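Quick note: the coordinates plus some simple rules give every number you see, no bench work behind them. In this text, all values refer to a predicted model and were calculated from it rather than measured experimentally. Using ideal geometry, Cβ is built from the backbone for each residue, glycine included, and neighbour counts are taken over all protein chains shown.
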Ligand SMILES: Cc1cc2nc3c(=O)[nH]c(=O)nc-3n(C[C@H](O)[C@H](O)[C@H](O)COP(=O)(O)OP(=O)(O)OC[C@H]3O[C@@H](n4cnc5c(N)ncnc54)[C@H](O)[C@@H]3O)c2cc1C
């Protein structure tokens, strides 16, 4: 790769972890001639904060400030879609992971979360731990934009924070329209009701590993509305709910609901899997379930032979029937 990759860095200035975000990004970018940062795009609560926050940034051509009262992923995504670049770089934590995954899904690019290292050569290789951190995988990135969220290890590198007193590039100040959610319910940094806690604590607040009963929704549900009905069903059954990776990656559900090698390894008394094919990566997260029940249109789907009870049918119909019965 001869030309430098044009990168945009996205930061959440609404979060109390802002300094840690910039420190991680700074540590990652230090000495990398092969990446040229075009712009820093930052969420801020007020435009008055921009001079103070901007002093942390490394060199770039443009700074974009997006004013928002709280974190609005969908509005931010709409905005990001209008940007061009080879690489979208996000900090470690929930904000970065959510945004990198969603952006890549929308733009049909490549997402790597928890990025440990990026090697730019004849091929672009992203390294990250997989299979419960037992293996360091090298993933060849093919489709642009490459949406990368850094691993927390980058925050721990203790990169010296940059302090730039003068910025000579261009700056833009834009306002994100509210998306109608109640900001008070979303906490101080707009990421959730308990937003005062550090992101890593908040992300692990839900412990699906301890769930006694689980309703797992796969991509076969077809849309977020059906997922909402499956969640209702879980609540009626006093069960927790989780999802397969495509469901989380398409932003129908937060990443902390992901079941499998990249998410929660569970051991419920029973798990009901709706519209999930039963890929090994998902089933490893369910291998300790005492009883597995699957609903799938395809009798040959791998999950069917792994289940104690396999129902061939439309998941939507079965969800509706069970909801009606339990109501
Ligand atoms: C390194 C790595 C890590 C991964 N980690 C995870 C992980 O932790 N968790 C995870 O889930 N995946 C993970 N994956 C992805 C995994 O390999 C599968 O791609 C994923 O589990 C598939 O999700 P799915 O079954 O929901 O979707 P699909 O594979 O699209 O399957 C959908 C299923 O729904 C059925 N269906 C369709 N319509 C209906 C309907 N109306 N009613 C009933 N059934 C219907 C289809 O027959 C099909 O079987 C990982 C992959 C890699 C490479």
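Observations, loosely collected:
- The set of residues in the range 207-227 that are part of a loop (DSSP other than H, G, I, E, B) and within 20 Å of the chain's Cα centre (by Cα) comprises 207, 218, 222, 223.
- Residue match in the range 44-51 (condition: free of Cβ contacts under 8 Å to residues at least 40 places away in the same chain, in contact with a strand residue (DSSP E or B) (Cβ under 6 Å, 6 or more places away or on another chain), part of a strand (DSSP E or B) and within 27 Å of residue 156 (Cα to Cα)): yes
- You will find that of 87, 103, the residue that is away from the ligand (no atom under 16 Å from the Cβ) and over 20 Å from residue 252 (Cα atoms) is 87 and no other.
- Cβ separations smaller than 8 Å between residues 6+ apart or across chains give no pair from the range 304-321 residues that are within 18 Å of residue 284 (Cα to Cα) and in contact (Cβ under 8 Å) with a residue 60 or more places away in the chain to residues that are near the ligand (Cβ under 9 Å from one of its atoms) and outside any helix (DSSP H, G or I).
- Single residue of the range 120-141 satisfying the filter (without any contact (Cβ under 8 Å) to a residue 12 or more places away in the chain and in contact with a strand residue (DSSP E or B) (Cβ under 8 Å, 6 or more places away or on another chain)) that is nearest to residue 21 (Cα to Cα): 137
- Pick from the range 233-253, criterion touching a strand residue (DSSP E or B) at 6+ places or on another chain (Cβ under 9 Å) and part of a loop (DSSP other than H, G, I, E, B), ranking: farthest from the ligand (Cβ to nearest atom): 238
- Here residue 256 meets each of (1) outside any loop (DSSP other than H, G, I, E, B); (2) closer than 20 Å to residue 133 by Cβ; (3) more than 9 Å from the ligand (Cβ to nearest atom); (4) in contact with a strand residue (DSSP E or B) (Cβ under 7 Å, 6 or more places away or on another chain) with one exception, condition (4).
- Members of the range 267-282 found to be outside any loop (DSSP other than H, G, I, E, B), within 19 Å of residue 221 (Cβ to Cβ) and near the ligand (Cβ under 10 Å from one of its atoms), listed by number: 273, 274, 281, 282
- The number of residues in the range 283-314 being closer than 14 Å to residue 242 by Cβ, in a helix (DSSP H, G or I) and more than 8 Å from the ligand (Cβ to nearest atom) comes to 2.
- For the range 239-261, the criterion of being farther than 23 Å from residue 73 by Cα and more than 17 Å from the chain's Cα centre (by Cα) is satisfied by at least one residue.
- Lone qualifier among 264, 230 - being under 26 Å from the mean Cα position of the chain (by Cα), under 21 Å from residue 131 (Cβ atoms) and more than 8 Å from the ligand (Cβ to nearest atom): 264
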